[in-house]
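> Let me give you the structure first, and then I'll get to my questions.
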Amino acid sequence: MSSYLKNGTVTTDTLPSIVSYGTAVGRMEGDGPLGSCFDYVSEDSCFGENTWEKAESRLQQHAFEQALLRGSIAESDISFVFAGDLLNQCTGSAYSMRNNGLRFIGLYGACSTMAESLAMAAMFIDNGIGEYCAALTSSHFCSAERQFRFPETYGGQRPPTAQWTATASGCAIIGDHSAPPYIRSVTVGTIIDMGIKDANNMGAAMAPAAYDTLRTHFSNTGTCPDDYDLILTGDLGSVGSEILRDLFLQDGISLGERYNDCGLLIFDREKQDVHAGGSGCGCSASVLCGHILGRIRSGELKNVLFAATGALMSPTLVQQGESIPGISHAVHISAESV
Amino acid sequence: MKLTENEYGALAKRRSPDTKLYKTIPGAFVIGGLICCTGQLLLNLYSSAGLDKTAAGTLTSVTLVALSALLTGFGLYDKIAKHAGAGTLVPITGFANAVVSPALEFKTEGYVLGVGAKIFLIAGPVIVYGLAASALYGIILFITQAV
């Protein structure tokens, strides 16, 4: 049974395992530096559908199917699905799961949803609730653009601090199997708002939340950055990552080489026109499931602290002049059982 | 957080790169200038074909709007605009792009609630305040002529 330490940190008892994982991405992500890590790359940004919303649901289904396939798990063996996306009313996930009859728990944590769903799934399994739980998120550049910004063909310019919503989806299936990667602990974050109002600078809006959650996690678990091979935020981009490093430096802690960000990994910022880097629920999900989990399973990485970050804003609230609240949840994923 | 909102705002500003004006301003000037040259060329062409000044001017605007709509439809206008900024936004072609792009985007929600309701999503403020300004100008003109 899971133990609650304090201030949002929960440690697992039975060491729930990530038994399988799958990813699906669009062409631009396939052309990026992690292109070969993804299970399914679509040349068609519509994924064979006639609307962007349906395309996102199809993309999510591909990631889910790839995860089932890799683990040779029957769809009917999934006890609960924790899924989320960026679309209004969480419809990307609801429509992707509407025909499979699975028990569905829709989550919204903006770009932090992968860590949120992973934490929920791990805690369910750790407490004996269900055989397998799926943690699944997606984002699609075109469906996000039309909801949050402008039509795709509108001739606007993006500032250098803007991030590019990744067309990507990742799915991790958690089960009670004694094989790595294990989920050792999670820290659920609090909402932090430091007054950033620029919707084109999400990295700056979310960095304080990442700092708060990581610091809380280190303090509650008695660990420090040196105890992890990789501390991976998602998706602070170049601006937010630099700010996060600055915030830790003010505490006398250098994150150094062991720190990286999913928004910086998924695209090549020199060659691909993505400004400050990638973002979206699918960005951290696909980077974690495509690039990280396999390396933990093989033992290349021993301890990874995955801290996805989300900007909990809406265009309406931003237009009303409100600042942007951020959130981050941390999940400690390990190759070691002790 | 040890920092106050103001201190954090200053840190965020320091880490946020500014727009590269040395690149964007020449881009806007050159591409915006080219659009204007195209307009002048069309005007001269229509005038030399025997059209009077008003008709030639109107036809020039119509042609530029049509060209912009076509480029928007092919997904080319936004690619040019990425480098041009205000160079493609300010001329009449920018207005056409602002009308055509939502019309294309929201076709999936139908011709009434999609195209019809959202076609002026971006251009709406220009129309509203443009009409309001012209009405105000009309009133001022009326009063000054009456006095």
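The values are calculated or read from the model by the stated rules, or taken from the named source; none is laboratory data. Source: prediction; values computed, not measured. Note that we place each Cβ from the backbone using ideal geometry, even for glycine, and neighbour counts take in every protein chain shown.
> Being modelled with pLDDT under 95, more than 12 Å from every other protein chain (Cβ to nearest Cβ), under 19 Å from A:TRP164 (Cβ atoms) and crowded, with 24+ Cβ neighbours inside 10 Å is the requirement here; does A:GLY234 meet it?
Judged against the criteria, A:GLY234 is a match.
> More than 10 Å from chain A (Cβ to nearest Cβ), at pLDDT 95 or above and part of a helix (DSSP H, G or I): is that true of B:ALA81 in this structure?
Here the answer is no, as B:ALA81 does not meet what is asked.
> Can you report the number of residues in segment A:204-240 which are in contact with a Leu (Cβ under 8 Å, 6 or more places away or on another chain), within 19 Å of A:THR190 (Cα to Cα) and in a helix (DSSP H, G or I)?
Here the count works out to 9.
> Residue by residue through segment A:130-149, note down the ones that are surrounded by fewer than 22 Cβ atoms within 10 Å (Cβ to Cβ) and of a type in the set (Val, Ile, Thr).
Of everything in segment A:130-149, nothing turns out to be surrounded by fewer than 22 Cβ atoms within 10 Å (Cβ to Cβ) and of a type in the set (Val, Ile, Thr).
> Within the bounds of segment B:95-117, is there any residue that is touching a Gly at 6+ places or on another chain (Cβ under 9 Å), more than 23 Å from A:ASN50 (Cβ to Cβ), assigned to a helix (DSSP H, G or I) and at pLDDT 95 or above?
yes
> Does any residue in segment A:243-256 that is away from chain B (no Cβ under 13 Å) come within less than 8 Å, Cβ to Cβ, of a residue that is among the aliphatic types (A, V, I, L, M) six or more places away or on a different chain, and which pairs are these?
As it stands, the answer is A:LEU255/A:ILE231; A:LEU255/A:LEU244, since those pairs meet every condition given.
> For B:SER101, all conditions in the list (1) in contact with a helix residue (DSSP H, G or I) (Cβ under 8 Å, 6 or more places away or on another chain); (2) surrounded by fewer than 20 Cβ atoms within 10 Å (Cβ to Cβ); (3) at the interface with another protein chain (Cβ under 8 Å from one of its Cβ atoms) hold save one; what is the number of the exception?
So B:SER101 meets the others, but not (2).
> Please go through segment B:1-49 and pick out each residue that is facing chain A (nearest Cβ under 7 Å) and in a helix (DSSP H, G or I).
B:GLU5, B:TYR8, B:GLY9, B:LEU11, B:ALA12, B:ARG15
> Could you check A:ASN260 against (1) surrounded by fewer than 23 Cβ atoms within 10 Å (Cβ to Cβ); (2) touching a helix residue (DSSP H, G or I) at 6+ places or on another chain (Cβ under 6 Å); (3) part of a strand (DSSP E or B) and say which number it fails?
The single condition A:ASN260 does not satisfy is (2).
Rundown of residues vs (1) under 19 Å from A:SER57 (Cα atoms); (2) modelled with pLDDT of 95 or more, yes/no style:
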{"residue": "A:SER143", "(1), (2)": "yes, yes"}
{"residue": "A:GLY155", "(1), (2)": "no, no"}
{"residue": "A:THR161", "(1), (2)": "no, yes"}
{"residue": "A:ALA166", "(1), (2)": "yes, yes"}
{"residue": "A:SER169", "(1), (2)": "yes, yes"}
{"residue": "A:ILE174", "(1), (2)": "no, yes"}
{"residue": "A:HIS177", "(1), (2)": "no, no"}
{"residue": "A:SER185", "(1), (2)": "no, yes"}
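> Identify all residues within segment A:3-32 that are out of contact with any strand residue (DSSP E or B) (no Cβ under 9 Å at 6 or more places or on another chain) and either surrounded by 16 or more Cβ atoms within 10 Å (Cβ to Cβ) or among the hydroxyl-bearing types (Ser, Thr, Tyr) (or both); write none if there are none.
A:THR14
> Quick check, is B:GLY94 surrounded by 14 or more Cβ atoms within 10 Å (Cβ to Cβ) and more than 30 Å from A:GLN272 (Cα to Cα)?
no
> List every residue pair whose Cβ atoms lie under 7 Å apart, where the two residues are 6 or more positions apart in sequence or sit on different chains, the first residue falls within segment A:181-200 and is surrounded by 23 or more Cβ atoms within 10 Å (Cβ to Cβ), and the second residue, located anywhere, is of a type in the set (Phe, Trp, Tyr).
A:MET194/B:TYR8
> Can you give me the ranges of the strands (runs of 3 or more DSSP E) entirely in segment A:114-189 with at least 2 residues that are among the β-branched types (Val, Ile, Thr)?
Answer list for segment A:114-189: A:168-175, A:182-187.
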